[in-house]
Structure formats: C-alpha cells, structure tokens
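So the structure is just underneath, and the comments pick up after that.
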Amino acid sequence: MCHHLQRQLNALQKRYHGGKGRILKGKTGLKLEWRQVLQPSRLSREYLILVKWAGLGCIPEVEVLSPNLRDLAGGKRSPHEFFSKENTKPCLMFNSGSSKDWVPSMLIAESIIPWTQEWLWYWELWLSDGEWRGGGVHPGELTIEQYMDQINNSHHQPANKGK
Amino acid sequence: MQVQGFKSLRQLSASDKEFCFEMISHITSNLDLTETQLSQLKTAYRAIGSYLANQGGELAECHIYAQGSVGIGTSVKPIDEDSDMDIDLVLHLPSQHYPTTTDEANELLFNLIRVLKDSQRYGDKIENVPKRRCVTLQYGGIEGQGFHMDITPSMPEDMDSPNHKSKVRVADIKDANSPSHPYGYRKWFRSACSKEIRWNRKSNYRSNSDIYAGTVEPLPGQGRKTVLQIVVQLLKRHRDMWKQNKQNVYGDCAPISIIITTLAGLAYEKCSNSNKEYQNPFDLMLDVLEEMPNFISHQYQSNGTVKYTIRNPALPTENFADKWHEKPMLPQAFKAWYTQVTEDLAKLLELDQGLDKTIERSREMFGSQAARGIQAKLANTLTERRAKNRAVVSSIGLGVSNAATATPVPKHNFYGDV
C-alpha cells in the first residue's frame, strides 16, 4: 500500500519544488497529503491547494485552501465543484464504472495537479461572467464522499452481476 | 520619455510578454471590421464612383478611394454597438479647379448632393446638407453594423499634376478650400506599417511585411495586422472610452485620431530605424508608446505661451496641433490622456490579480467588445490545448507560450463530457 503513496509523493516532490507533502496515518489507513501553490496563468491569482489521496480504490481529493473561492465569488458556488461547507473542492474528473479519467497508475503530479490548474483557469473565467467553459457534467449537490460511494457501488456492480 | 508605469512591464519574462501582447491584440480583434463588411463597403464605394463618373463633365474622370482609418486598417467600431460607423472617402476630381471662395465651395458640395439625389439608388440616402468638407451618404447595415459614408471632394493643388496621388485641396465651406494630402498620408502610414523590424533570431514573431507591398487601392484586409495598427486601434479605443467618462474634465478636448495615429506612426518609424533588435512585439509596443510624445515639438513664444507642432508627414505645411496654441485645454488633455493610457496598460497587465480582474479592467478601459475579445481568447487557449492534449504543465503555471518542453496533460473531463 505504502509504495503507491510513496511513488506519488516522490513524483510530486520531483516536479514541484515549492510543494510540501507527507504520508500520514488516517482513520482507515495511510494517506498522502500534498500542499502547493498553483497559478493557472501569470495574470491569475496564486492558490494554495491541498491534495489528499488514501490510496488504491480512492480518487485524489483536491481542496483550495486559500484564497477562499466562495468569498471571492460573493457566496456563489461554481458548477463544477463538490458540495462542501468548508473549502472549495474542484470536481476534476469523471470516474464511473469502466469510464475512468483517473486510475492510480497515473501520477498525481502529471494529472491531478495540471487538471486543478486548468480548473482554476476556468473558475476565474466563470467568475468574470458566470459561464463555465470547461465542459463536463455538474456534480450537483453531491459531496465528495457521496461521489466516492457512487464509484465504489459501480465498482461492485459487475461483481454482483457475475453472481 | 520614460514612462513610470512601464517599469514593471519591462521586467516581465519573454514568455509573459508574448502572453501580454496576445491579450492586447485580442482587445483590438473585436474592434475590426469583418472581411464581409470590408468587401461590401468596397463594392459600395466603387459603385458610387462608377455612378458619378457616368454623369460626365467634371465627374467623368473621378476617382474614389478610402482615406482615414479605414484606408489604413486602424478603424475601431463604435463603443455603442447601435451607432453608425463613419467611412471616410475621397472623391478626387482631376480636371476641376479647387474653389477659391466659400460660395464656390458650397456650390461644389451642393452640386454633388444634387447629382446623388437624382439617382434611384442614392436619392433617399444622401443627406440634404453638406458638412464642412464632405457630403454624407447613409449606407445602412452590414452584419448588424450601420455605416455612413463621408465623401470629401478633392481637386489638384497644381493642375500640372492632377493625379490624386499628388497634393490636393479639398472644398471647405468655412475657408473655401484647404490643402490636404489624403493619399500621401495613407501611403506614409502604410509604409510605416511595412517597415522592417529587426526580430531576434529566437523570436517567433514575424511581421507580414508583404501585406502592404505595391500600391494597394482597396481597403486593406484587417485580418492580418501589424504591431503599429494594433497600437493605434488600442489607443483610439482607449481615447473613446476616456472621452465618454463623465468625470473627465478634459473629455471634450480628447486628442483627435489623426494626432494619435501620426504620433504612433512616427514613433514606430523611429523604432524601426533605430536598428534595435526586438525579441517580441510587446517591447516594440512599449517603445512606440514611450516615443510618441517626443514627436510633439514645442516653441516658446515671446508672450510666454507655447506653440505646439505635430507635422503631417505627408504635407509638412500642415500642423495637426494648430489649435493647441489657442486652446491650452487641448495639450493638457493630451497629457492627461497619455498619462492615463500608460497607467491603465500597466494596471491591465498586472500579474497575479486573477483573469476575472483582467477581464473586468479591460471592460472598464476598452469597452465590452474588447472584454469579450479577451475572454474568448482566454477560453479558447485552454480548450484548444486540451483538445490537442497539450496543456502546459510547469511549476509556476500554465504558460501560454508554445513551450516546446511542455509535458502533455492527459485528457480528462470535468465530471465527464457524457
């Protein structure tokens, strides 16, 4: 288990020197935490993000720690984020059944981080006129936990059918 | 002249400068006439020319051509998208003597109106009363933009060189006639546009110097623009916005387009002649902006006042700033506007503010069409890159330059394009 986390952490540290990460014990086992500043373009703000990954079977979870996006948007929530009472959690990918944007063999450094950069770019454009140009489907009122449950259920479905 | 606000812009990295210039050129892209509008206008004014030539007499050899901004590819659409746009045309009458009295000038202009009134096609479009130097034809709309054409008759200055390419006089209701050289000005500006700039070998910017090769009679296509044209459009639109701001005490004295265009053209020529090597069009733009005021000359008069001169490069006897001496508000207004535009550009391109702020500022400074231009550019840049699997990953941010070392970003969906 740990070597998956370590592989991801090594790749992140290698590519993003300004970031900080660690592997720590969570409720359900070890997990990876990675913090770094992202700037989608030179004209854009700098955002401090947190990536959490609890290993195989989970998708990485991204949170924008600062600035507070909800405050910048005057309390509004953009179409492509998970429901969250605290920090904004961008929805970056579509993982359902066999259709997966992200699988654990992909490096977070080469997928999740640049996707978050893109997401922030579209978020700033959304802030300017309320139009989401990044495409995709609205996650609705799902929290990331609810979304994860959906993934796990869709995981088990083929197995059930097999029985 | 060192512009204080440009200090920060000068220090940007090469790729940031290219990105900034792309932003600037997209501010102006939505201000251009479209190819359809240009070609329809061209057809329309040529038809007017044939109609007039068919009337015979002094009109038989007339030649009609675009002068002013449309003739040099620096026109900007009106801020108010419902208002008409002026298209300035010259109607050259090579065999007619220029008027020497105001009566003659009036007669000439009213005659032209009468001839157009008699036409089935133009009869209900021509305005009954001339302006000071031209007659006005309502053209109607092309792709939702309304146009009217100001037709200024010109006659040879010297009957020995009657061609429109020589100096001319235009009829003038107040002064009988006034010396002018619209063809020469157009030629000067176009040649300034096509001046060679020494681009650094590393620079991936190349100007299309062949656009203006030869004598270009038709309206130039504005699809491919030179840095000079972009700068002039940018400045003119900023002036339009600045002028309509109700809090601006100088609004009524805003610098006229010919002054902005001439100073930018002269500054651009100087940059080209300096043989300085440029890495990117952004530095060139900053140099042009900094040089512009140096082409206004001041002479202190014995009574303590100042006489200003901005010479018409095509007609040195003409001073575009001749009114500045009598009306000190005019030079003050120029200074105020110039300070504002340089400060605004630095503010627009301030880094780390947020793309939403950049768009908001571009709307305040350059109007809503301009903001839409930037917005579309920013949206497309990333969408195109995603489509090509080429979004750029770097530790500092998505550079917008075509960095060859960019690592491809795997395709993904924001919660699925299903």
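The values are calculated or read from the model by the stated rules, or taken from the named source; none is laboratory data. The structure presented is a predicted model; accordingly, all values stated were derived computationally and were not measured. Methodologically, a virtual Cβ is constructed for each residue, glycine included, from the backbone with ideal geometry; neighbour enumeration extends over all protein chains shown.
Points worth noting:
- Residues in region A:98-118 that are facing another protein chain (nearest Cβ under 8 Å), closer than 17 Å to A:Q13 by Cα and not polar (S, T, N, Q): A:M106, A:E110, A:I113, A:P114.
- Looking across region B:77-96, the residues that are more than 13 Å from the chain's Cα centre (by Cα) and in a loop (DSSP other than H, G, I, E, B) come down to B:I79, B:D80, B:E81, B:D82, B:S83, B:D84, B:L93, B:P94, B:S95, B:Q96.
- Within region B:224-238, considering residues that are of a type outside the set (A, V, I, L, M, F, W, C) and within 12 Å of B:T74 (Cβ to Cβ), the one modelled with the lowest pLDDT: B:K225
- A:G18 vs. criteria in a loop (DSSP other than H, G, I, E, B), at pLDDT 90 or above and farther than 23 Å from B:T358 by Cα: yes
- Region A:51-71 - residue that is crowded, with 17+ Cβ neighbours inside 10 Å and among the aliphatic types (A, V, I, L, M) and, of those, farthest from the other protein chains (Cβ to nearest Cβ): A:A54
- Those strands (runs of 3 or more DSSP E) of region B:143-183 in which at least 2 residues are in contact with an Asp or Glu (Cβ under 6 Å, 6 or more places away or on another chain) and over 20 Å from B:L59 (Cβ atoms), considering only elements entirely within it, cover B:145-156.
Rundown of residues vs (1) under 23 Å from B:F295 (Cβ atoms); (2) not assigned by TED's automatic domain parsing to the domain that holds B:V341, yes/no style:
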site	(1), (2)
B:F19	no, no
B:I48	no, yes
B:N54	no, yes
B:C62	no, yes
B:I72	yes, yes
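- Residue satisfying condition, being in a helix (DSSP H, G or I) and at pLDDT 85 or above, within set B:L351, B:L378, B:L382: B:L378
- Test: residue in region B:339-351 that is under 22 Å from the mean Cα position of the chain (by Cα) and charged (D, E, K, R): yes
- Check on A:E63, touching a Leu at 6+ places or on another chain (Cβ under 6 Å) and of a type in the set (D, E, K, R): yes
- Among (1) within 26 Å of B:S75 (Cα to Cα); (2) assigned by TED's automatic domain parsing to the domain that holds B:Q233, the one test that B:L378 misses: (2)
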